[in-house]
Every structure is written in C-alpha cells, then in structure tokens.
1. Can you tell me how many residues within the stretch 1-32 are at pLDDT 85 or above, assigned to a loop (DSSP other than H, G, I, E, B) and touching a Phe, Trp or Tyr at 6+ places or on another chain (Cβ under 8 Å)?
2. Just for the stretch 66-108: of the residues that are of a type in the set (A, V, I, L, M) and modelled with pLDDT of 85 or more, which one is nearest to Thr149 (Cα to Cα)?
3. Of all residues in the stretch 221-239 being at pLDDT below 80 and hydrophobic (A, V, I, L, M, F, W, C), which is surrounded by the fewest Cβ atoms within 10 Å (Cβ to Cβ)?
4. Is the stretch 45-65 home to any residue that is assigned to a strand (DSSP E or B) and modelled with pLDDT of 80 or more?
5. Among Ile158, Ile119, which is the only one that is farther than 14 Å from Lys214 by Cβ, among the β-branched types (Val, Ile, Thr) and either in the same structural domain as Gly204 (by TED's automatic domain parsing) or at pLDDT 95 or above (or both)?
6. Within the stretch 115-165, can you find the residues that are touching a residue at least 40 places away in the same chain (Cβ under 8 Å), outside any strand (DSSP E or B) and out of contact with any strand residue (DSSP E or B) (no Cβ under 8 Å at 6 or more places or on another chain)?
Amino acid sequence: MIGKKEKVVITPYENSEFLEGKKSKPFELLINPSGYSIDYKTNYNKEEAIGKNKTDFKFESSPSPFLNLEFLLDGTGVAKSNSGNTLINKIKGKDFTKETVADQLDLFYNATGEYDGTIHKPHHVKINWGTLEFLGVLLDFTIEYKLFTPEGYPLRAIIKAKFGGSVSQRLEKALSKPASPDLTHKRTVQAGDTLPLMTERIYGDSKYYLEVAKVNNLINFRQLKPGTELYFPPIEKIA
C-alpha cells in the first residue's frame, strides 16, 4: 500500500529453494536505508580474428547480481516509536525500551552470516523492501561505529553489507544445458502480464515464479515492462 511505511526485512532460509525451513528470526531494520545499489555483470570472451581490425565478443555467462545495502543501527532509542521523552512515554503508558547496537548486530548476524550447525552453513536470505525482493547470501559486511557512551559502548553503527544472488540447484541443472532448444521457453511480456501468471502458463503452476525471476535477474519483478523478453527453463523436468 502506497503511503504505508514498510521496513526492510531479511528472512533466513535453510537453502536456495526459499520454500521451507526458516531457521532463525527475521531481521527487521529499525531505520530504513536511504538507498541501495545492485551490480549486474555479463561475461564475454573477446575474440580477435587474424587479419581483422574489429573484435567480436562471444557470450559466456551472466553471473548472479550483487546487492549492496548500507543501513544504520541505532542504540539511543530515537528510532523507536516510544523513544526519547520519558515523560511522554509515561503519559502514554509505554515503557521506554531500546536495543543496544550489539544486540542488533547479533540479530542481523544470526539471520544472515552465522554458521548454523544443523545445516552446516550460514543461511540463505530473502530481502524485502517495497518492490525489492532479493534472494541470495551474505558475502561480507563492514561495521563502522559512529557514536559512543562515556564508557565506550557503541550507540550507533553503519553497516555496509554485500549480498550475492543465488539460484537453486535444480534450476542451475536445467540452465547448464543451453544447447538444447527444447529446454528453455522464451516469452515476451505483454501489457497486464505478471510473473506468476506467465509462470502458470508455462508450467501449469505459479510456484516457480521466484526461481524464474532469479534466472532473468529480475529485481522489481512485480512491475514487468511490456516488451521485455523472459526465459523460462524446464523446471517440470527436474522437479
């Protein structure tokens, strides 16, 4: 809903299927970032023919995108709806509570990068904010502490995190055979099309639409642009 303030939510999953097995509590930012960036890359093999001046570029692969997210962790309490003024909180009958920066860091790391002994790896994550839905894993992050108590405890920290997009093993298996023409469907987006609807037409089931979004490196898949060409691998053959 436009006008409603939505928070960035990072939800952990056991694997790249992103279907079942949520293991840890989702992490919700108290303060939304001012922005984010997404890196795309296409790899080409540079071919230079003997006796010719021009170079030909032969397509090799399209690596998964990267999401760069920078956000603030605040331990002063000003980010809370019942923050700051203890008198106002008392009148409203609210308890003044606040999470320390260390506690927020623990929650973030538990959801994203901490090794989980039950699955023998860190979690895969789904990051949602408005039209953004990014599926991947935490690659690295930097903590920059900005404000401290007189005793030296951090009150604010800026987190700079980088996430790599991921594709499930069964989808990767289908994409590893690009030479067979019957393995992949190519469709052009028409006005009024949605990704779940197009996925339903191809497979008879819309549940694979998130995987199709990853194959096509779609970040804002809820707003498909008419004329865009999308690829639908044969998921039904490996399900």
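The values are calculated or read from the model by the stated rules, or taken from the named source; none is laboratory data. Not measured: the values here are computed from a predicted model. All Cβ positions, glycine included, derive from the backbone under ideal geometry; neighbour counts span all protein chains shown.
1. 6
2. Step one: of the stretch 66-108, the residues of a type in the set (A, V, I, L, M) are 67, 69, 72-73, 78-79, 87-88, 91, 101-102, 105, 107.
When the remaining residues are screened for being modelled with pLDDT of 85 or more, the result is 67, 69, 72-73, 101-102, 105, 107.
Numbers: Leu67: 32, Leu69: 26, Leu72: 17, Leu73: 15, Val101: 12, Ala102: 13, Leu105: 17, Leu107: 21 Å.
Here the residue is Val101.
3. Ala239
4. The answer is yes; a qualifying residue exists.
5. Ile158
6. Residues of the stretch 115-165 touching a residue at least 40 places away in the same chain (Cβ under 8 Å): 116, 118-119, 123-136, 139, 145, 147, 153-165.
So of that shortlist, the ones also outside any strand (DSSP E or B) come out as 118-119, 123, 130-131, 153.
Those that are touching a residue at least 40 places away in the same chain (Cβ under 8 Å), outside any strand (DSSP E or B) and out of contact with any strand residue (DSSP E or B) (no Cβ under 8 Å at 6 or more places or on another chain): Thr118, Ile119, Gly130, Thr131, Tyr153.
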